Amino acid sequence: MEGVMIGGFALIAAPAEYRVTGVKTLIVSYNGIVYQKDLGPDALNIAKKIGLNKPVRRGTAQTINGSRTIPTKQHQDRSLIRIPEELTMAIEESLNDNRIQVRRALEITIHVGLTLLLAAACLLILRPFLPLVVWGIVIAIAIYPAYRKLQRLVGGRGTLAAVLFALIFLAILIVPVALLTETMIEGIGTLSAHIKDGTLSIPPPPANVGSWPLIGPPLAKSWNMASTNLTGLLNSLSPQIRALVPGLLSASAGIGLTVLQFVLSIVVAGVLLANASGCATVSRSLASRLFGNQGPEFEELAGSTIQSVTNGILGVAVIQTICAGLGFLVAGLPGAGLWTLVFLFAAVLQLGGPILILPVIYVFAIASTTKAILFLIWCLFVALMDNVLKPMLLGRGVAVPIAVVFMGAIGGFVAVGILGLFLGAIVLSVGYKLFLAWLEGPVQAKQGI
């Protein structure tokens, strides 16, 4: 107060030799606040000018610099410390600096909060389209090398090459889906007609079915009942069948929605390929913003990982599914379309081989020995195919542990649905590789697993 510190004591520390033993002068107030200021070479002399007045008794007044100061109860019996003008100005400047810093911190907090709020609002609005956009980006990155080759074949016309690729991928998606859907509809229609006419017959189980461990006795019992009294079996299972129907309808609707999402993602991928140069510029700028000088290396790592997982995991799964579906159709497996769809999901999860066991058992039960053995050989070929294709395709990109792919597929399916089964493996693989690159560097992450 007017150059005088009221109530309590102050500890002052000044450098004995300026710039040798120290630079700044420190003062501690009665409430423990520390102020500091560079008072220059004369800091020690300024600190020595501070004088200590005698304690002020309760109720007495003290005149300081022409003004009267009456200590309050809080400050009674405390010493009055006279502070030089230079140190007073230093404390005031320190207080002003603190206020400015607090104001700046408050402004920064408000700006960051508004930015986060805007980003959250944008994500909420774009949430229905995010899987489509992300899957379109994945497709575009995965087929970009082939797109460049096609672009050179059509004389460098990027838009034409992008349209051709979109049409090719739409045909690859729509034609098998249409055939599988037709097969499923025909199978369901035929099954319904036989049930209504009472002409549906199921052959009895082989004699050795009952000797199978665990599932043998109950399976043989149900199978025998189905072959002798199918109507009675259906009547006994009618509550379970009624409970299963809504789930089947919901699953069918989900599959249809997934097909639509795939179609829209292919369209998005075509648009991105048609504007490949602009997208590359945006991607490079984003990587540089996030990772600084190592941005191009991280960008290359992410692209290599996407191509590796898409070609080595999803590509092999699609090839296996096509071969398995052909085998199901030739063998005359009932519901071949549904079996093919189930095998596709299992192949993405790296579990395609075990799924083939049930079709093989069924064919051995109802078909001739020669036909069953040929079907078994074909299923073994399909199951072992990935051992040859994966090293060829994964060798072109970045190796990713199968456990990461498995967890990404399962987590994506739970979070997003059927589309997440394919998308989750890719996204988690990219995140895994970028995390390794952050720990070890992009080059080491690309070389290792």
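The values are calculated or read from the model by the stated rules, or taken from the named source; none is laboratory data. Because the structure is predicted, anything quoted here is derived from the model rather than measured. Glycine gets a Cβ as well: all are built from the backbone with ideal geometry, and neighbour counts include every protein chain shown.
Values computed for the structure shown
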{"read-out": "Subset of segment 1-25 [part of a strand (DSSP E or B) and at pLDDT below 55]", "value": "4, 5"}
{"read-out": "Matching helices (runs of 4 or more DSSP H) fully within segment 246-362 where at least 1 residues are basic (Lys, Arg)", "value": "276-291"}
{"read-out": "Number of the condition not met by residue 306 [criteria: (1) surrounded by 23 or more Cβ atoms within 10 Å (Cβ to Cβ); (2) under 24 Å from residue 433 (Cβ atoms); (3) in contact with a Leu (Cβ under 9 Å, 6 or more places away or on another chain)]", "value": "(3)"}
{"read-out": "Segment 26-37, subset surrounded by 12 or more Cβ atoms within 10 Å (Cβ to Cβ) and of a type outside the set (Val, Ile, Thr), residue modelled with the lowest pLDDT", "value": "30"}
{"read-out": "Residue within segment 149-164 that is under 29 Å from residue 257 (Cβ atoms) and among the charged types (D, E, K, R) present", "value": "no"}
{"read-out": "Contacts under 8 angstrom Cβ, first residue in segment 333-347 being of a type in the set (Val, Ile, Thr), partner in a helix (DSSP H, G or I) and at pLDDT below 80, 6 or more apart", "value": "340/180"}
{"read-out": "Criterion (under 25 Å from the mean Cα position of the chain (by Cα) and surrounded by fewer than 16 Cβ atoms within 10 Å (Cβ to Cβ)) met by exactly one of 296, 334, 354", "value": "296"}
{"read-out": "Segment 141-160, subset small (Gly, Ala, Ser) and either surrounded by fewer than 18 Cβ atoms within 10 Å (Cβ to Cβ) or not assigned by TED's automatic domain parsing to the domain that holds residue 273 (or both), residue farthest from residue 430 (Cα to Cα)", "value": "155"}
{"read-out": "Inter-residue pairs, beta-carbon under 6 Å, first in contact (Cβ under 8 Å) with a residue 12 or more places away in the chain and in segment 147-168, second surrounded by fewer than 17 Cβ atoms within 10 Å (Cβ to Cβ), 6+ apart", "value": "161/154"}
{"read-out": "Any hit, segment 296-317, residues being without any contact (Cβ under 8 Å) to a residue 40 or more places away in the chain and more than 20 Å from residue 338 (Cα to Cα)", "value": "yes"}
{"read-out": "Residue within segment 285-293 that is out of contact with any strand residue (DSSP E or B) (no Cβ under 9 Å at 6 or more places or on another chain), on the phi > 0 side of the Ramachandran plot and without any contact (Cβ under 8 Å) to a residue 40 or more places away in the chain present", "value": "yes"}
{"read-out": "Selection status of residue 252, in the same structural domain as residue 359 (by TED's automatic domain parsing), surrounded by fewer than 17 Cβ atoms within 10 Å (Cβ to Cβ), at negative phi and of a type in the set (Ser, Thr, Tyr)", "value": "yes"}
